[in-house]
Amino acid sequence: MAHGIDEVARVAGVSTATVSRALRGLPNVSAATRERVRTAAAELGYVASPSAASLASGRTKTIGLLTPWVNRWFFANVIEGAERALRAEGFDALLHTFEVSRYAPRLRVDPDVLRRRVDGILVVGLPLAAAEVQSLVKLGHPLIFVGSGVEGQVTVRLDDLAAARAATEHLIGLGHRRIGHISGTPDDVTPFSPPVARREGWVSAMRRAGLPVDSQLEVHGHFDVEGGRESMHILMRRCPDVTAVFAASDEMAMGAILAARDRGLSIPRDVSVVGIDGHDLGELVGLTTMAQPALEQGATAATLLLEMITGAPVPQDVVYPTRLVERASTGPAPAAGLTA
């Protein structure tokens, strides 16, 4: 007879949360522990599956997915990863978008559109006010955030601080001393927001290297190519001696490269640019980036949500690392600062 997750945890000598992480292939589980858990599960006949008989009848088999965009790289990949994982278990996604614009406030989340229509909710990269979060919690459904997190809620995210620090340190290692930063939106200041952590990583790396950080070096690019281009022009007018730029997303980094070319500057001879994401077009434009597994984050979030629906324990915070992909947009600092 097959045993439950508690028995697997007892035999393997770990917590039930570790069993769930190990069997789902989530990070932060050692190879030895993962193998021990898998061996115990096999011996006991335990198979973790949200579609097992533990799913109660009367489910909608639908997951609500809230996101600001579907046409930007990170969001599109997270959504695709989530939908693949959901389809594999016979679930559908009910998509609701909330356009975030620099020109107008977005619509507030209305929990009534999800009431009695979904079994769980994924919030992908959508910063929510405390009242909005509470309105979703009150629905009584499992809730997971991807990207932008909320204290006390399950979150699947990037190690934004480490990624930004590594990107900035890459530029410092190439000899750059005046390094600008293209961030997100000026009103995105919540503690668990990726732009906030990425800015902190930039500041941390600069200060560790004894380099100056001032407000003139930071501009807001609104996480799109157009914003990155506009903000790069602003940065170069303010600080013509900047020789490198760390952009908080690949799309903003691409915009920065376009702006540099607008000004007759050569990449990377005059200015180096690095982003974060691992955008599909990064190789085409030669962009150095801190690559992240967005597709995997979406699949993981969906899988964890299905686990929560069955009542299985899940980790509170799943954090993914990034890796430096060095291409042609970064190079040694020029011998002298820029003058135009």
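The values are calculated or read from the model by the stated rules, or taken from the named source; none is laboratory data. Values in this document were obtained by computation on a predicted structure and should not be read as measured data. Every residue, glycine among them, receives a Cβ derived from its backbone with ideal geometry; neighbour counts consider all protein chains shown.
Mind listing whichever residues of the range 115-142 are closer than 18 Å to E296 by Cα and outside any loop (DSSP other than H, G, I, E, B)?
I121, L122, V123, V124 - these are the residues of the range 115-142 that are closer than 18 Å to E296 by Cα and outside any loop (DSSP other than H, G, I, E, B).
What are the residues in the range 139-192 that are of a type in the set (D, E, K, R) and modelled with pLDDT of 95 or more, if any?
R157, D159, D160, R165, E169, R177, R178
Could you go through the range 239-248 and let me know if any residue there is farther than 16 Å from I172 by Cα and surrounded by fewer than 22 Cβ atoms within 10 Å (Cβ to Cβ).
Yes, that holds for at least one residue.
Could you please find all residues in the range 145-168 being part of a loop (DSSP other than H, G, I, E, B) and touching a Gly at 6+ places or on another chain (Cβ under 8 Å)?
G147, S148
If you go through the range 209-227 one residue at a time, do you hit one that is touching a Phe, Trp or Tyr at 6+ places or on another chain (Cβ under 7 Å), within 18 Å of W73 (Cα to Cα), assigned to a helix (DSSP H, G or I) and not β-branched (V, I, T)?
Within the range 209-227, none of the residues are touching a Phe, Trp or Tyr at 6+ places or on another chain (Cβ under 7 Å), within 18 Å of W73 (Cα to Cα), assigned to a helix (DSSP H, G or I) and not β-branched (V, I, T).
Would you confirm whether or not the range 182-198 contains a residue that is more than 21 Å from the chain's Cα centre (by Cα) and more than 22 Å from L324 (Cβ to Cβ)?
no
Is it fair to say V100 is assigned to a loop (DSSP other than H, G, I, E, B), modelled with pLDDT under 95 and hydrophobic (A, V, I, L, M, F, W, C)?
Yes.
Of the numbered conditions (1) surrounded by fewer than 23 Cβ atoms within 10 Å (Cβ to Cβ); (2) on the phi < 0 side of the Ramachandran plot; (3) of a type outside the set (A, V, I, L, M), G286 satisfies every one except a single condition; which is it?
(2)
Which condition from (1) out of contact with any Pro (no Cβ under 8 Å at 6 or more places or on another chain); (2) part of a loop (DSSP other than H, G, I, E, B); (3) surrounded by fewer than 13 Cβ atoms within 10 Å (Cβ to Cβ) is the one that D112 breaks?
So the condition that D112 fails would be (2).
Look at G298 and say whether it is over 30 Å from I5 (Cβ atoms), in contact (Cβ under 8 Å) with a residue 60 or more places away in the chain and not assigned by TED's automatic domain parsing to the domain that holds A164.
no
For the range 260-280, which residues satisfy the criterion of being touching a residue at least 12 places away in the same chain (Cβ under 8 Å), more than 21 Å from A164 (Cβ to Cβ) and either of a type in the set (K, R) or touching a Lys or Arg at 6+ places or on another chain (Cβ under 8 Å) (or both)?
Those that are touching a residue at least 12 places away in the same chain (Cβ under 8 Å), more than 21 Å from A164 (Cβ to Cβ) and either of a type in the set (K, R) or touching a Lys or Arg at 6+ places or on another chain (Cβ under 8 Å) (or both): D262, R263, R269.
Looking at the structure I just gave you, is L26 at pLDDT below 80, under 20 Å from E89 (Cα atoms), surrounded by 18 or more Cβ atoms within 10 Å (Cβ to Cβ) and over 28 Å from the mean Cα position of the chain (by Cα)?
In short, no.
Might you check whether a residue that is assigned to a loop (DSSP other than H, G, I, E, B), within 26 Å of L306 (Cα to Cα) and of a type outside the set (S, T, Y) occurs anywhere in the range 174-196?
Yes, the conditions are met somewhere in the range 174-196.
Inspect all residues belonging to the range 243-251 and state whether any of them is more than 25 Å from L295 (Cα to Cα), of a type outside the set (A, V, I, L, M, F, W, C) and more than 22 Å from the chain's Cα centre (by Cα).
Yes, that holds for at least one residue.
Mind checking whether some residue in the range 182-191 is surrounded by fewer than 17 Cβ atoms within 10 Å (Cβ to Cβ), touching a residue at least 40 places away in the same chain (Cβ under 8 Å) and not hydroxyl-bearing (S, T, Y)?
yes
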